[in-house]
1. Modelled label-to-label distance, residue 103 and residue 66, 7 Å Cα→beta-carbon offset: nm?
2. Translational diffusion coefficient, Stokes-Einstein: compute it for the chain using the Kirkwood radius over C-alpha pairs as Rh, at 20 °C and 1.002 mPa s, and state it as an integer in µm² s⁻¹.
3. Quick one: pull the percent of accessible area on region 1-123 belonging to carbon and sulfur, 1.4 Å probe, ligands and nucleic acids left out.
4. Gaussian network model of the chain, Cα springs within a sub-10 Å range: biggest mean-square fluctuation belongs to which of 12, 21, 103?
5. Name the residue, out of 59, 24, 104, whose mean-square fluctuation peaks in a Gaussian network model built on the chain with Cα pairs under 10 Å.
6. With an 8 Å cut-off on Cα pairs and a minimum separation of 6 or more residues, tell me the relative contact order of region 122-218 in percent.
7. For the chain, what proportion of DSSP beta bridges, expressed in % and rounded to the nearest 5, is antiparallel?
8. Which order do you get for 97, 77, 82 if you rank them by accessible area with a 1.4 Å probe, largest at the top?
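The values are calculated or read from the model by the stated rules, or taken from the named source; none is laboratory data. Not measured: the values here are computed from a predicted model. For neighbour counting, all protein chains shown are included, and Cβ atoms are generated from backbone atoms with ideal geometry for every residue, glycine included. SASA here: full protein model, heavy atoms, side chains in, ligands and nucleic acids out. Shrake-Rupley method; radii C 1.70, N 1.55, O 1.52, S 1.80 Å.
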Amino acid sequence: MVAVGRREKSVVVFDYGFGNVRSAERAVARAGARVEITRDLDAALAADGLLVPGVGAFAACMSGLRAARGDWAVERRLAGGRPVLGICVGMQILFARGIEHGVAADGLAEWPGTVGPLKAEVVPHMGWNTVAPAEGSRLFAGLGPEERYYFVHSYAAHDLPLPPSGSAAIEPPKVSWATHGQPFVAAVENGPLWATQFHPEKSGDAGARLLTNWIETL
């Protein structure tokens, strides 16, 4: 329920052919926002928040995003300090590049680093796992380290290279981690750009709280 006198926040789930848009729509609506599934660029720019889902291969997602000009919408929003949330492969494509089956593809390069194969006894990483939230995380506010989130992926970012201390005027990203065979980036908070490798829309009460935390920042 939206508080009296408080404007309901609007979220566009960007529909570029790669992502569980309906489950994302339902989860964001339950978290208290007005949701629209569309690839309309004017709507994507005007919404309080833009959610970029993603499933499948890194290169295919990038191709689909560019075909729908979603890369332009993300860049325009971030240039104006407007919130964007990437989920699963929608997070991976925010990195500089991805390597799948030995083939490299360029990402949006909002963050440095490469998305590569998970090195674990069991791949894909499918199921529930804990996350070690970054210190001071707003995304994980009110969520303890024992909470579990739903992952489905065979690739991940294993590092997010940061500039040397004192070399940048902006606050460095807050990076949260999970482990499956080896540590990997589970979530990032970087100014208006937030992202999760796991699926909050499939992560029960913990995922719902996390989406609420994001919506409250819009």
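1. Roughly 1.3 nm, to one decimal.
2. On the way: Rh = 17.3 Å.
This corresponds to a translational diffusion coefficient of 124 µm²/s.
3. Working: 2910 of 5780 Å².
Ligands and nucleic acids excluded, carbon and sulfur reach 50 percent.
4. Fluctuation is largest for 103.
5. 104
6. Details: 155 pairs, mean separation 30.5, N = 97.
Averaging sequence separation for qualifying contacts and normalising by length gives 31 percent for region 122-218.
7. Numbers: 26 of 44 bridges.
Approximately 60 percent, going by the DSSP bridge assignments.
8. Working: 97 100, 77 0, 82 80 Å².
So the residues, ranked largest to smallest area, are 97, 82, 77.
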